[in-house]
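*Asks:* Okay, here's the structure, questions in a sec.
The values are calculated or read from the model by the stated rules, or taken from the named source; none is laboratory data. Keep in mind the model is a prediction, meaning the values are calculated, not measured. Don't worry about glycine lacking a Cβ; one is built from the backbone with ideal geometry, like all the others, and counts go over all protein chains shown. Ligands, DNA and RNA are stripped out before the accessible areas are found, and what is left, the full protein with its side chains, is counted by its heavy atoms. Shrake-Rupley method; radii C 1.70, N 1.55, O 1.52, S 1.80 Å.
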Amino acid sequence: MKLKPIILIIFFCFTALQAQFDTDAIRLNISHIPNSNLKNAAARADLTEVDFQSFTPTIRIGKTTKLNSIINYRLYDYNFDSSDAEANSYPDNMHHFKYVLLIRQKINDNWNAYIAPRLNIRTDLKTNFNQQDLFPALTAMFVKNVVRNPHYKYGIGLNFNNNNGKFRVLPTAYFHYQKDNMKISAFIPSKASIMFSNHNAIYGFGYHSESNITHLNLSNNLGANPNKITYLRNMNVFVYPSYSRHLGSDIWATLKAGITILRLYEQYDSNFNDISEYYNDSFKPNVFFSIGFSYKVDDSKK
């Protein structure tokens, strides 16, 4: 797939939009994992990810409720190399669109509630959109501000999703500590980081995971698709050092380079059943590289 037109469109949006929100109000990341071998198939593939996200300005309802929309687009661009006919059915490109309504409700001086319903559209865009491309989700969390020590915040909650073809309920936990030039933050199990900063740079170490399921519009012809592949489960776990530099005018550039410690690549039929060991596969760990740009605004504007 040609990435250049998509990157140019996203970059135009990145430079044209303005938002009022804390930390990364708008961001664009491009990541690349060089050729890696599948464990069960005689195939190799590299992966390029293009990830764009924007927060809309805050809408205030009364004195205790704040609303934001989060708009996200992510492209997974695989490039397979295999002599096996079965591996040729592996999809090269997946497109993920996500809309999140973030509701922040102040309960009292100590507690806030965060509710985030999400609508995910995950498809290879080979046919017209249909309901199999939809993957709704919801996260609800209670976060406590430690009044006697304002450097701390922590919270617990639940995540509802259908990333395995049926709705699951998973516990989540949040922790945030910030003092002087150090920040520790975690949203378990998705991500965690420890960062240090000076006037023009932010550096540190972190991890994040991506787990989702995508509807594939493959052929219904049994000769071309004998295993009736309908969905792909994709999971990547990245571990890395990170360095960000202020470029001026609230624009920051971020570089990451690390390893992928887990990379699932599993395919399922229309009933979300495992197909075979051959299709329940994973890539071997590999290095990755990432460059990103973000527009930041001050915390006081959120």
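*Asks:* (1) touching a residue at least 40 places away in the same chain (Cβ under 8 Å); (2) open to solvent by less than 60 Å² (accessible area, probe 1.4 Å); (3) in a strand (DSSP E or B); (4) of a type outside the set (A, V, I, L, M): which one isn't true of residue 203, the others all being true?
*Replies:* Going through (1) touching a residue at least 40 places away in the same chain (Cβ under 8 Å); (2) open to solvent by less than 60 Å² (accessible area, probe 1.4 Å); (3) in a strand (DSSP E or B); (4) of a type outside the set (A, V, I, L, M) one by one, residue 203 breaks only (2).
*Asks:* Residue check: is residue 120 in a loop (DSSP other than H, G, I, E, B) and either at pLDDT below 95 or farther than 24 Å from residue 65 by Cα (or both)?
*Replies:* Values: in a loop (DSSP other than H, G, I, E, B): no; either at pLDDT below 95 or farther than 24 Å from residue 65 by Cα (or both): yes.
It is false that residue 120 is in a loop (DSSP other than H, G, I, E, B) and either at pLDDT below 95 or farther than 24 Å from residue 65 by Cα (or both).
*Asks:* Looking at the range 206-218, which of its residues are open to solvent by 40 Å² or more (accessible area, probe 1.4 Å) and over 16 Å from residue 233 (Cβ atoms)? Before you say what the answer is, go through the steps one by one.
*Replies:* At the first step, the residues of the range 206-218 found to be open to solvent by 40 Å² or more (accessible area, probe 1.4 Å) are 207-208, 211.
The answer is 207, 208.
Conditions (1) open to solvent by less than 30 Å² (accessible area, probe 1.4 Å); (2) under 26 Å from residue 166 (Cα atoms); (3) of a type in the set (Lys, Arg); (4) touching a residue at least 12 places away in the same chain (Cβ under 8 Å), marked per residue:
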position: 260; (1), (2), (3), (4): yes, no, no, yes
position: 269; (1), (2), (3), (4): no, yes, no, yes
position: 281; (1), (2), (3), (4): yes, yes, no, yes
position: 286; (1), (2), (3), (4): no, no, no, yes
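*Asks:* Go over the candidates 89, 83 one by one and state the one that is surrounded by fewer than 16 Cβ atoms within 10 Å (Cβ to Cβ), at pLDDT below 95 and among the hydroxyl-bearing types (Ser, Thr, Tyr). I'd like the intermediate steps shown before the answer.
*Replies:* On the way: 89 fails: surrounded by fewer than 16 Cβ atoms within 10 Å (Cβ to Cβ).
Among 89, 83, only 83 is surrounded by fewer than 16 Cβ atoms within 10 Å (Cβ to Cβ), at pLDDT below 95 and among the hydroxyl-bearing types (Ser, Thr, Tyr).
*Asks:* Among the residues of the range 203-212, is any under 18 Å from residue 29 (Cα atoms) and of a type in the set (Asp, Glu)?
*Replies:* Quick first cut of the range 203-212, residues under 18 Å from residue 29 (Cα atoms) only: 203-211.
The next check asks that each one be of a type in the set (Asp, Glu); those that pass are 210.
For the range 203-212, residues under 18 Å from residue 29 (Cα atoms) and of a type in the set (Asp, Glu): present.
*Asks:* Would you mention how many residues in the range 109-160 are of a type in the set (Phe, Trp, Tyr) and either surrounded by fewer than 15 Cβ atoms within 10 Å (Cβ to Cβ) or out of contact with any Ser or Thr (no Cβ under 9 Å at 6 or more places or on another chain) (or both)?
*Replies:* So the count comes out to 5.
*Asks:* Return the residues of the range 133-162 that are more than 13 Å from residue 116 (Cα to Cα) and assigned to a strand (DSSP E or B); say none if nothing qualifies. Even if it seems obvious, please write down each step before you answer.
*Replies:* Step one: filter the range 133-162 for residues more than 13 Å from residue 116 (Cα to Cα), giving 133-135, 143-156, 162.
Within the range 133-162, 134, 135, 143, 144, 145, 152, 153, 154, 155, 156 meet the criteria.
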